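Below: the structure, in structure tokens.
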Amino acid sequence: MLSSSDVHAFIEAIRRLERRVVELEGRIENIVREGKVREVDYEKGRVKVDIDADDKQPTRWMPWQQRAGGEDGVNDWNPPQEGERVTILSPGGRPERGMAMQGGWTDDNPAPSQKGGERVITAKGNIVIRAGGTITLRGEVVAVESGGDTTIDAGGNIETTSTELNHNGKNVGDDHKHSDVKSGADNTGPPV
Ligand SMILES: [Fe+2]
């Protein structure tokens, strides 16, 4: 026969289990959350995220997922922006250990392309590719389009190899010829 203190202890154990289940339900819900970036601290590399539209309180500051290489310095700076869609992964369902993963188009931020087999990187600001070694652009056709000035600032020689080198439709390459040539001190005419 159970004594009343046994019954009391049993009920207490059930209550502890109930509290534990509620806590675990909360943790499970927090393992993966979707949200929208509220604020970005670019210097510290941290974001605050709004989890639910009706939630007045954003998350605390958390890092975003980013390639941070080792001693070979392979890094990727691709910061999220305000309003960007993110998914927060929190180990153990603990938001204080969470990290924001970028991704997912929205009506406000639609895809920049609707084609397969294509990689498109866009930015209203600068795009910088920086390497201690060689940067290679290789394509069937390489087109450089600039809305303003284009400069090449080389610390060493500039070597070009091509069948022809043209400027404004005129051959200025290694086999180009000049008009109005005669021997003497006169200058030649322009390339033909
Ligand atoms: Fe010339």
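Readers should treat all values here as calculations from the given coordinates under stated rules, not as data from a laboratory. From a predicted model like this one, the values you see are computed outputs, not experimental measurements. No Cβ is skipped: glycine too gets one built from the backbone with ideal geometry, and neighbour counts run over all protein chains shown.
Worth pointing out:
- Within straight-line cross-link reach of K170, lysines at Cα separation under 22 Å, skipping those fewer than 8 residues along the same chain: K182
- Local electrostatic count, S162, Cβ distance below 14 Å [Lys/Arg +1, Asp/Glu -1]: -4
- Loop-located trypsin sites (Lys or Arg not before Pro) in segment 1-106, at most 12 other Cβ atoms within 10 Å (DSSP): K44, K56, R60, R67
- Residues whose amide H lies under 5 Å from that of E84, counting only those 5 or more places away or on a different chain, are V37; hydrogens are built 1.01 Å from N in the peptide plane.
- Rounded to 10°, Cα long-axis angle of helix 4-31 versus longest principal axis of the chain: 10
- In this calculation the C-beta distance from A185 to T150 is compared with R0 = 35 Å, giving a FRET efficiency of 0.45.
- With the helix formula -39500 (n - 2.57) applied to DSSP H stretches of n ≥ 4, the chain reaches a computed 222 nm mean residue ellipticity of -5000 deg cm²/dmol.
- Candidate lysines - alpha carbon under 28 Å from K36, same-chain residues fewer than 8 apart omitted: K44, K48, K56, K115, K124
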